[in-house]
Amino acid sequence: MHLDTQRDPDGGWYDRDIRLVDKEENVIEDFGKDPTLDELREAEHRHRKRINLWQQGLVCYECGNQINDRFAARPDGQILCWECAKSENSREQGGLIINTDPTKSVLSESKLHEKSLCDYVINVATGCRHGCKFCYVPSTPAIDNRDEMLAKHADVDDPQRDWGSYLLYRDDLPERVHEGLQETDFSDWKTTRRGRGVVMLSSGTDCYQDRRAAQITRGCVQELTEHGIPVRILTRSPNVTRDIDLFQKAGNKIAVGCSIPTFDTALVKAMEPNAPPPQARWEALDKLFQAGVPRFVSFSPTYPTMDRDDIREALSWFAAIDPTVVFHEPMNPRGANFQMCLEAAQEAGYVDMAEELFKIREEDKWVEYALDHIELVQDVAGQFENLTIHTWPDRKLLQETSGERYRELRKMKKEVSPETFESDPF
């Protein structure tokens, strides 16, 4: 299945019809002139096939040059060549500043193998519409060292404070992943004991936060899994269920998970202002369960006001969708994001939460809370036959403990999550 271009003999360079044809050149779908990127990506979804958009006769909506290499799209979906895309001004759409991400890298090595998550990451965008107050991403080099780029392309003054207000898409990632994999020497593929050569989408944004991000994600996942590369998907969005067909085809090459730190909807609204409610995320996991897709839960961060009953309630919901693993971490008070959590709790009227967050700014109080929650989650999970908890204790916790507790934490830190990934190329 590929695109076919038919020029109008009585027209000019721009007068060309774009059609989708099969191997026998039979027309599957006629897009007419100037199909949008959304229309082309949704055709991929409908027909369950990848359509490589490079060198397919598509032309830039602005300058008319043929799309033979990198490209992007305007907010209305019109396709732009890379030169036009780089000069495009940011635009406001649905309360967000939208533009193109100029990032050159496609696949990045990651230290998340330390948490048994992956060895590589792919991020489909820079920024995230969810705007989670506790998000650590704006303090990482991927955001923190790009102030000039974010100011130029998204009018960002403070990447941390403005988190949730800007989103720069990487529309041509599927094509770039495809090209990169053709040249990959898999004998050099990084495969650590805990990372297992897995590629994670996404560590720095939600790869299903909207349809445009989901379209990019589908293309990347399809390319990776068809090359036998194991993939982990982490999201807060029910949009993830749109690709169940792709996940089923990938089999044990994929693990799909949702972040659900609590089922307190009002608290989630305060801390994750633009993210879908926790129940909707659980329902997405339930659909994955019913479809037989390997799934996991990210139970993090657990808030200091959560007691045994709160944790038992959450774990009982998780047990119902029979996850391979539940990843757990308590909250960490370092960074500007923690202050934003404290402010959000105060503004939402969560007095007890604000007080507890204020307390754990002191290191000894944080250590006490973090150790208590790690033990509590492990203990309560023991009441469910089908729950395995994977906790990655912060390095500081090991420094503050000794004896049997230290040995237990060190063992947790070295463990590999119980998932089984199938990988062909290595």
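The values are calculated or read from the model by the stated rules, or taken from the named source; none is laboratory data. Because the structure is a prediction, the values reported are computed rather than measured. For neighbour counting, all protein chains shown are included, and Cβ atoms are generated from backbone atoms with ideal geometry for every residue, glycine included.
Under 8 Å between Cβ atoms, at least 6 apart or on separate chains: pull out the pairs that start in region 192-214 with a residue that is more than 22 Å from ARG41 (Cβ to Cβ) and end on any residue that is acidic (Asp, Glu) and surrounded by 21 or more Cβ atoms within 10 Å (Cβ to Cβ).
Partner pairs satisfying both residue conditions: THR192/ASP119; GLY195/ASP119; ARG196/ASP119; GLY197/ASP119; VAL198/ASP119.
Of all residues being in a loop (DSSP other than H, G, I, E, B), over 20 Å from the mean Cα position of the chain (by Cα) and without any contact (Cβ under 8 Å) to a residue 60 or more places away in the chain in region 289-313, which is nearest to GLY251 (Cα to Cα)? Just the residue, please.
The qualifying residue nearest to GLY251 (Cα to Cα) is GLY292.
Answer yes if at least one residue in region 310-321 is touching a His at 6+ places or on another chain (Cβ under 9 Å) and over 27 Å from THR192 (Cβ atoms), and no otherwise.
Yes, there is a match, as at least one residue in region 310-321 is touching a His at 6+ places or on another chain (Cβ under 9 Å) and over 27 Å from THR192 (Cβ atoms).
When you scan region 394-414, do you find a residue that is assigned to a loop (DSSP other than H, G, I, E, B), among the hydroxyl-bearing types (Ser, Thr, Tyr), surrounded by 12 or more Cβ atoms within 10 Å (Cβ to Cβ) and within 27 Å of the chain's Cα centre (by Cα), even just one? Walk me through how you get there before you give the answer.
Residues of region 394-414 assigned to a loop (DSSP other than H, G, I, E, B): 394, 400-402.
Adding the requirement that they be among the hydroxyl-bearing types (Ser, Thr, Tyr) leaves 401-402.
Going one step further and asking which of them are surrounded by 12 or more Cβ atoms within 10 Å (Cβ to Cβ), we end up with 401.
Then drop every residue that is not within 27 Å of the chain's Cα centre (by Cα), which leaves none.
No, region 394-414 contains no residue that is assigned to a loop (DSSP other than H, G, I, E, B), among the hydroxyl-bearing types (Ser, Thr, Tyr), surrounded by 12 or more Cβ atoms within 10 Å (Cβ to Cβ) and within 27 Å of the chain's Cα centre (by Cα).
Determine which single condition ARG176 fails, assuming it passes every other condition in (1) at pLDDT 95 or above; (2) surrounded by fewer than 19 Cβ atoms within 10 Å (Cβ to Cβ).
Result: ARG176 fails condition (2) only.
Surrounded by 13 or more Cβ atoms within 10 Å (Cβ to Cβ) and assigned by TED's automatic domain parsing to the domain that holds GLN55, is that true of CYS118? Show your work before the answer.
Working: surrounded by 13 or more Cβ atoms within 10 Å (Cβ to Cβ): yes; assigned by TED's automatic domain parsing to the domain that holds GLN55: no.
Taking the combined requirement at face value, the residue does not satisfy it.
Of all residues in region 94-115, which are among the small types (Gly, Ala, Ser) and surrounded by fewer than 17 Cβ atoms within 10 Å (Cβ to Cβ)?
Across region 94-115, the qualifying residues are GLY94, GLY95, SER105, SER108.
Regarding region 183-191, can at least one residue be identified that is without any contact (Cβ under 8 Å) to a residue 40 or more places away in the chain, under 20 Å from LEU53 (Cα atoms) and in the same structural domain as ALA344 (by TED's automatic domain parsing)?
So far as region 183-191 goes, yes, one or more of its residues are without any contact (Cβ under 8 Å) to a residue 40 or more places away in the chain, under 20 Å from LEU53 (Cα atoms) and in the same structural domain as ALA344 (by TED's automatic domain parsing).
Does VAL326 count as free of Cβ contacts under 8 Å to residues at least 60 places away in the same chain, closer than 17 Å to PHE263 by Cβ and assigned by TED's automatic domain parsing to the domain that holds ARG232?
So VAL326 does not fit the description; no.
Looking at PHE299, PHE289, PHE247, PHE263 in this structure, which one is crowded, with 24+ Cβ neighbours inside 10 Å and more than 28 Å from ALA43 (Cβ to Cβ)?
On the way: PHE289 fails: crowded, with 24+ Cβ neighbours inside 10 Å; PHE247 fails: more than 28 Å from ALA43 (Cβ to Cβ); PHE263 fails: crowded, with 24+ Cβ neighbours inside 10 Å.
After applying the criteria, what remains is PHE299.
Kindly establish whether GLU368 is of a type in the set (Asp, Glu), closer than 24 Å to SER116 by Cα and surrounded by 13 or more Cβ atoms within 10 Å (Cβ to Cβ).
No; evaluated as a whole, the condition is false for this residue.
Scanning for something in a helix (DSSP H, G or I), modelled with pLDDT of 95 or more and in contact with a Ser or Thr (Cβ under 8 Å, 6 or more places away or on another chain), does region 186-206 turn up at least one residue?
Keep residues of region 186-206 that are in a helix (DSSP H, G or I), which gives 186-188.
Pick out the ones that are also modelled with pLDDT of 95 or more and you get none.
Taking every residue of region 186-206 in turn, none turns out to be in a helix (DSSP H, G or I), modelled with pLDDT of 95 or more and in contact with a Ser or Thr (Cβ under 8 Å, 6 or more places away or on another chain).
Between ALA275, ALA255, ALA270, which is assigned to a helix (DSSP H, G or I) and of a type in the set (Gly, Ala, Ser)?
Among ALA275, ALA255, ALA270, only ALA270 is assigned to a helix (DSSP H, G or I) and of a type in the set (Gly, Ala, Ser).
Does region 235-247 contain any residue that is of a type in the set (A, V, I, L, M, F, W, C), under 24 Å from HIS328 (Cβ atoms) and either part of a loop (DSSP other than H, G, I, E, B) or not assigned by TED's automatic domain parsing to the domain that holds PRO141 (or both)?
Scanning region 235-247 turns up no residue that is of a type in the set (A, V, I, L, M, F, W, C), under 24 Å from HIS328 (Cβ atoms) and either part of a loop (DSSP other than H, G, I, E, B) or not assigned by TED's automatic domain parsing to the domain that holds PRO141 (or both).
Those residues that are surrounded by 24 or more Cβ atoms within 10 Å (Cβ to Cβ) and in a loop (DSSP other than H, G, I, E, B), I need them from region 124-133; list them, please. Steps first, answer last, please.
Our first condition is that a residue be surrounded by 24 or more Cβ atoms within 10 Å (Cβ to Cβ); within region 124-133, this holds for 124-128, 132.
Passing the criteria: VAL124, CYS128, CYS132.
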